[in-house]
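All remarks here apply to the structure that follows.
The values are calculated or read from the model by the stated rules, or taken from the named source; none is laboratory data. This one's a predicted model, so the numbers in the text were calculated from it and none came from an experiment. Note: ideal-geometry Cβ built from the backbone for every residue, glycine included; neighbour counts use all protein chains shown. Ligands, DNA and RNA are stripped out before the accessible areas are found, and what is left, the full protein with its side chains, is counted by its heavy atoms. Shrake-Rupley method; radii C 1.70, N 1.55, O 1.52, S 1.80 Å.
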Amino acid sequence: MRKVYSLQIQYPEQTREFNSRLTKTGRRSLSHSISQSSTDSNSSGDSDTENLEDEVSPRDMLQINSKGNRDFCVKNIKLADYGRREIELAEDEMIALMTLRKSAQGEKPLAGAKIVGCTHVTAQTAVLLETLMVLGAQCRWAACNIYSTQDEVAAALAEQDFPVFAWKGESEDDFWWCIDHCVNVEDWEPNMILDDGGDMTHWIYKKYPHLFKKVKGIVEESITGIHRLHHLNKAGKLCVPAINVNDSVTKQKFDNLYCCRESILDSLKKTADVMFGGKQVAICGYGEVGKGCSAALKAMGSVVYVTEIDPICALQACMDGLRLAKLGDVVSQVDIVITCTGNKNVVVREHMDLMKNGCIVCNMGRSNTEIDVTSLRTPELAWQHVRAKVDHIIWPDGKRIVLLAEGRVLNLSSSTVPICVLSITATAQALALIELFNAPEGRYKQDVYLLPKKLDEYVASLHLQTFDAHLTELTDDQAKYMGLNKYGPFKPSFYRY
């Protein structure tokens, strides 16, 4: 019988379908995928040296780390030293995870956990993965995105005997091969899943459903993965509890709102060299991502139009001084179109036929389906590759639009995401894994749960130290008056921040 560990983390009150093709430039391109998450981009340090036809696939290379271990598949194990330096830099900024390592290291609350994961493989997520191991977990990992992996970081993990199967520029077949090598292992079966997009969960349900007999829970980060879990639940096929990290307050506000508010400008500058003052911009969707993008562009002097289906979000846009319109009514006059909905076919061929010459089209939403890029791959339109993540689509009359990142997530493919933001999400993921793994039997049913409010607040409190911030504490009398525990949680689950 597995020993049940009690969580000794210091809480505030205690401390105080795939279609691959080769483009004319010889680069590998996926126009759509059975899994939206697997083709969203989260690339850092992009270059345009993607001539893959002369390269040997990592699957065909025999690589061994310095300890004689070969249970991994990465681009080049010799990049490990470079990747280790990147991970160490990320550790300096991810204070919350380093605090978790110190506060929970003694008892190791994840001892006995066998976590199989499918997330981005970057320096920041490497800090999370190594934190899970410090806390006692065994892990096997694949990338949720064919373009996002930092090869040097994957090499650094492999050098430390971390079973990682990921490299930048995987094909669709590579993608599923990597996931399968995390799961189909002799004498090793996972009991926890950490997913970003639902691909790992999907693969296990499809190929190895018997493994769910031992799985204690799933932690999912993305809206795409959450939709897939809810579909399983409605169909009566969700056989383990799952925690929805995507809709935690800290993830929604900081990863979606504040992150996009900063990264949209950097992404557009790096790819399109655009000046924002006086530009007319149509932002499709006024959720947290749309709010962040709108605020940044309005502050730079752009004229911002917003499209919305939700009257509440639409009213918010109006009260924020933005112009609410239908895309078809303004698409012929705007200079930039940005999708932020997470939906499909938000910008279709009919819209792009109406756009003026030079209009920039990009996506900041979760999936790569918002812009109908497939409709642009027709004989009458010419594609001109300009540079990394920038293509001109040229109409027969000479008109061209500027398509960024082939309709994939712009900030994740063409810029960088602040480490602080990634730290917040990673901390929530770690705490959710600890919560599910150590929860007494019966606490969580076969359903999708939000991250408990107390853990959400704890994620935030761990990051306050970054700002030298000091919380005010309720007096006993004040706490009694408000009907609260003076150490939290301070808001009900239905509270809207």
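Annotations for the structure displayed:
- Hits in the stretch 458-497 - residues which are in a loop (DSSP other than H, G, I, E, B) and under 22 Å from the mean Cα position of the chain (by Cα): 497
- Tally of residues being open to solvent by less than 60 Å² (accessible area, probe 1.4 Å) and either acidic (Asp, Glu) or in contact with a Cys (Cβ under 9 Å, 6 or more places away or on another chain) (or both) across the stretch 342-365: 6
- Just one of (1) in the same structural domain as residue 274 (by TED's automatic domain parsing); (2) open to solvent by less than 20 Å² (accessible area, probe 1.4 Å); (3) part of a loop (DSSP other than H, G, I, E, B) fails for residue 396. It is (2).
- Scanning the stretch 427-457 for residues that are out of contact with any Ser or Thr (no Cβ under 9 Å at 6 or more places or on another chain), open to solvent by less than 40 Å² (accessible area, probe 1.4 Å) and outside any loop (DSSP other than H, G, I, E, B) returns 431, 433, 434, 435, 436, 437, 448.
- The lone criterion from (1) closer than 29 Å to residue 468 by Cβ; (2) open to solvent by less than 10 Å² (accessible area, probe 1.4 Å); (3) of a type outside the set (Phe, Trp, Tyr) left unmet by residue 93 is number (2).
- Residue check for residue 365: part of a loop (DSSP other than H, G, I, E, B) and over 27 Å from the mean Cα position of the chain (by Cα): no
- Top-ranked residue of the stretch 370-393 - restricted to ones that are in a helix (DSSP H, G or I) and surrounded by fewer than 19 Cβ atoms within 10 Å (Cβ to Cβ), ranked as nearest to the chain's Cα centre (by Cα): 374
- Residue under evaluation residue 413, criteria (1) within 22 Å of residue 328 (Cα to Cα); (2) open to solvent by less than 40 Å² (accessible area, probe 1.4 Å); (3) among the polar types (S, T, N, Q), criterion not met: (1)
- Residues of the stretch 122-139 that turn out to be modelled with pLDDT of 95 or more, part of a loop (DSSP other than H, G, I, E, B) and farther than 25 Å from residue 212 by Cβ, as a count: 0
- Neighbours by Cβ (under 7 Å, 6+ apart or cross-chain): first from the stretch 481-497, more than 17 Å from residue 449 (Cβ to Cβ); second among the aromatic types (Phe, Trp, Tyr) and at pLDDT 85 or above: 484/490
Results for (1) in the same structural domain as residue 401 (by TED's automatic domain parsing); (2) buried (at least 22 other Cβ atoms within 10 Å of the Cβ); (3) not hydrophobic (A, V, I, L, M, F, W, C), shown as yes or no for each residue.
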site	(1), (2), (3)
220	no, yes, yes
224	no, yes, yes
233	no, no, yes
252	no, no, yes
277	yes, no, yes
291	yes, yes, yes
294	yes, yes, yes
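- Looking across the stretch 110-134, just one residue is more than 12 Å from residue 429 (Cβ to Cβ), touching a Pro at 6+ places or on another chain (Cβ under 9 Å) and surrounded by fewer than 24 Cβ atoms within 10 Å (Cβ to Cβ), and that is 114.
- Failed condition for residue 107, given (1) crowded, with 19+ Cβ neighbours inside 10 Å; (2) modelled with pLDDT under 95: (1)
- Residue check, residue 92 in contact with a Lys or Arg (Cβ under 9 Å, 6 or more places away or on another chain) and on the phi < 0 side of the Ramachandran plot: no
- Answer residue from the stretch 296-339, given it is under 25 Å from the mean Cα position of the chain (by Cα) and more than 13 Å from residue 285 (Cβ to Cβ) and is surrounded by the fewest Cβ atoms within 10 Å (Cβ to Cβ) among those: 296
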